[in-house]
Amino acid sequence: MSTARRVSLSGTSFGRASLSALLVAGLGATVSPAVAQDAPHARSAPKVERVSTAADGAEADGASRTASISANGRYVAFYSDAENLTEGHQGPYDWAFVKDLKTGEVKRLKNSMAAPVISDDGRYAAHTGWGAHGINVFLTDLSTGEIKQIDGRRFKYSASSPAISANGRYVAYDLQPQHPGDPQRVEVYDRETDTREVISDGPPDSARDMADPSISADGRHVAYEDEGTGEVWLRDRATGGLTRVDDGTPSRLVQVNGRTVAMNGPDGAYVRDLRTGKVQHFAGASAQAVSRDGRRLVYGISGASGVSGASGDGRPEIRLRHLPSGRERTIGHGGSATVGAIADEGRSIVYSSADTDIVPGDTNGVSDIFLRHIH
């Protein structure tokens, strides 16, 4: 096992924490999540708006959660139990929505059972829904309304956990084969060529599931989990290379983007630089999203007074950290961000919260989606 210094922004040592020998190729830094707050005088007044409302501003009549945002911050896709966000008939599994923040228009995605992921221009949304014989992955063209099942399999096959590239060309997902005893594998669908590529390599005994993929904005890298061992693997689609990127303990993949892969282990969040091998460890934190360029991380931290840097009022906090410099700021309290939550090079963050004091007039008593603008 290797050791890594616990450092502040200035590099002052506070103690030592162990990291796996798997990651000693680069210098691992264990970082206190709250050591590099922006100076108060450098901040402008934050602007927060509630996204999960109807076009006329009406509050959602059901809980909303799990959102993603387009690169320019114009479109937000989210899951909601609400039935009043759009007009007309709503089917029993139409629970995903896309809102145009410029016009206020809200579109409901047909046959959407979980939160969608959205392309950077807001045109394509990938989501799960009911297929002919099970749950499958679909790609909706929001400009034409066309919905296509993209896992391309037939009877008794199912698929889930879609992740989309920036231009909407590539969608990664996990596929459950026809026989219940066969393990899941990760594939990538190419919208332009209408082809599918197997990404994951199964273990020698072919008995463990490979699942929960993340695809980088440029579509080159796909990370996924071995659900049997907790290992996290990264496939370079350009070279075919396969690299293990976890910290040596069972981990949950969060996201890969740019040169950064983020995951959560039993003792906090880990962020690995894919070029240098350098690892940052955020003790007691939970990584939630990585920006498209890989330079920014959104993470959550407990509000308990015993946690370093926490507010102490019991409410969890969401923070945005600029990884190269260590600068960070608090985005919100009492809620959670999700994969795809960062836009405008870190100037726009979407998250969910049940707090009622974030914007005026929040009286629906359920969680909502909020957009925080950082200037």
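No lab work stands behind these numbers, since they all come straight from the coordinates. All of these numbers come straight from a predicted model, not from anything done at the bench. Heads up, the Cβs are rebuilt from the backbone with ideal geometry, glycines too, and the neighbour counts pull from every protein chain shown.
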Item checked: Sites matching GluC sites (Glu not before Pro) across region 50-136 that sit in DSSP coil, with at most 16 neighbouring C-beta atoms within 10 Å -> Glu83, Glu87, Glu105
Next item on the list: Give the span of region 220-306's Cα atoms along each principal axis, as three whole-Å numbers ordered largest to smallest.
Entry: 47, 30, 18
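Once a ≥ b ≥ c are taken as the square roots of the eigenvalues of the Cα gyration tensor of region 225-363, is the result rounded (a/c under 1.5), prolate (a/b larger than b/c) or oblate (a/b not larger than b/c)?
Because a/c hits 1.5 or more and a/b exceeds b/c, region 225-363 counts as prolate.
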Checklist line | Per-residue Cβ neighbour rank within 10 angstrom, fewest leading, Leu297, Leu109 | finding: Leu109, Leu297
Check: Between the DSSP loop rule and a limit of at most 14 other Cβ atoms within 10 Å, which trypsin sites (Lys or Arg not before Pro) in region 78-138 are left?
Finding: Lys102
Notebook entry, point to check: Thinking of region 21-373 as a set of Cα atoms, what percent of all their pairs are more than 32 Å apart?
Noted result: 30
Next item on the list: Of the listed pairs Lys99/Lys278; Lys47/Lys110; Lys47/Lys99; Lys47/Lys278; Lys102/Lys278; Lys47/Lys148, which have alpha-carbon separations greater than 29 Å here?
Entry: Lys99/Lys278; Lys47/Lys110; Lys47/Lys278; Lys102/Lys278; Lys47/Lys148
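What relative contact order, as a whole-number percentage, does region 21-373 give when Cα pairs under 8 Å and 6 or more residues apart are counted? Don't skip to the end; give the middle numbers.
Values: 1000 pairs, mean separation 59.2, N = 353.
Across region 21-373, relative contact order equals 17 percent.
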